[in-house]
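The values are calculated or read from the model by the stated rules, or taken from the named source; none is laboratory data. Treat the numbers as computed from the prediction; the structure is a model and nothing was measured. Every residue, glycine as well, gets a Cβ built from its backbone with ideal geometry; the counts of neighbours run over all protein chains shown.
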C-alpha cells in the first residue's frame with residue numbers, strides 16, 4: 001500500500017478506530033471517504049479536513065451495498081484502497097434459548113458486510129494501480145472472548161477469508177489484515193475508559209507507523225495484540241483463554257462493561 005496519495009474508502013469511519021485512522025491517513029496525504037450509517041458522526045469526523053469526504057451506507061443491506069459501490073466508484077474513480085472497518089460487538093449468553101437478533105446482526109455487519117463490499121468493488125480495485133483491501137479483524141480472532149462468541153467468530157472468519165483473498169489476489173490487489181487489541185473506543189459499554197485497554201490515539205499512531213513501512217506488512221499488529229495473536233503458536237491457547245475469560249468477568253463485576 002502506498003504511503004501517501006491513496007484514495008481510501010473507510011467503513012465505520014464516523015467514530016473509534018475508523019475515525020482515528022481516517023484522520024491519520026488524511027494528514028499524511030491520502031484522500032479518505034468515510035462511510036457509515038450516521039451522517040452526523042461522519043460529518044464531525046470530516047470537519048476541518050478537506051480531503052475527507054462523507055458518504056452513508058448500511059453494510060447490513062446487500063442491495064444498498066451494491067448501489068453504494070457503484071456510486072462511490074462514479075464519484076471517486078481514483079479509489080484504490082478499501083478499508084473494511086465497520087463492525088459491532090454484542091455480549092451474549094448462548095447457554096439458554098434466546099433471541100438471536102444481535103447474533104444475526106453481528107454476522108451481517110462483521111462478516112457479510114466486508115464480503116459483500118469487497119465483492120462489489122473488486123473489479124474496480126483490480127484495475128487500479130497500488131490497490132489494496134484492508135480487513136479489520138481483532139485479537140479475538142485468535143483467542144475468543146467467550147461473552148462475545150459471535151463477534152469473536154466473525155473476526156476469526158474474516159481472518160481466514162483475508163488469508164484466502166491474499167493468496168487469490170496476489171499480484172493484483174494487496175490484502176492486509178489489521179488485528180487490534182482491546183482499544184478504548186465506544187464499541188461496547190464502558191470500553192472507552194476501560195483500564196488495561198490501549199488508548200485510541202496510541203493505537204492509531206502505532207498503526208499509522210506500521211502502514212508507513214515499505215513494503216506494508218501483510219498483518220498490522222501492535223505489540224499489545226501479540227499476547228492473543230501468538231497464543232496458539234506459542235502453545236498457550238488454553239491458558240490465554242482462561243486469563244482472558246477471568247479478566248473480562250472481573251471487569252464486568254467492577255462495572256467496567
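Matching residues to (1) part of a helix (DSSP H, G or I); (2) modelled with pLDDT of 95 or more:
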| site | (1), (2) |
| --- | --- |
| 147 | no, yes |
| 152 | yes, yes |
| 180 | no, yes |
| 196 | no, no |
| 203 | yes, yes |
| 207 | yes, yes |
| 213 | no, yes |
| 224 | yes, yes |
| 251 | yes, no |
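Note on the stretch 154-170: residues that are under 19 Å from residue 89 (Cβ atoms) and either in contact with a strand residue (DSSP E or B) (Cβ under 6 Å, 6 or more places away or on another chain) or at pLDDT below 95 (or both) amount to 2.
Working carefully through the options 219, 232, 177, find the one that is under 15 Å from the mean Cα position of the chain (by Cα), surrounded by fewer than 19 Cβ atoms within 10 Å (Cβ to Cβ) and in contact (Cβ under 8 Å) with a residue 24 or more places away in the chain. Spell out the reasoning first.
Working: 232 fails: under 15 Å from the mean Cα position of the chain (by Cα); 177 fails: surrounded by fewer than 19 Cβ atoms within 10 Å (Cβ to Cβ).
Selected residue: 219, the only one of 219, 232, 177 that is under 15 Å from the mean Cα position of the chain (by Cα), surrounded by fewer than 19 Cβ atoms within 10 Å (Cβ to Cβ) and in contact (Cβ under 8 Å) with a residue 24 or more places away in the chain.
When 116, 98 are checked against the criterion of being touching a helix residue (DSSP H, G or I) at 6+ places or on another chain (Cβ under 6 Å) and under 30 Å from residue 228 (Cβ atoms), 116 stands alone in meeting it.
Summed over the stretch 116-136, the residues that are surrounded by 17 or more Cβ atoms within 10 Å (Cβ to Cβ) and in a helix (DSSP H, G or I) give a count of 8. Looking at 166, 247, which one is assigned to a helix (DSSP H, G or I), in contact (Cβ under 8 Å) with a residue 40 or more places away in the chain, surrounded by fewer than 16 Cβ atoms within 10 Å (Cβ to Cβ) and out of contact with any helix residue (DSSP H, G or I) (no Cβ under 8 Å at 6 or more places or on another chain)? It is 247.
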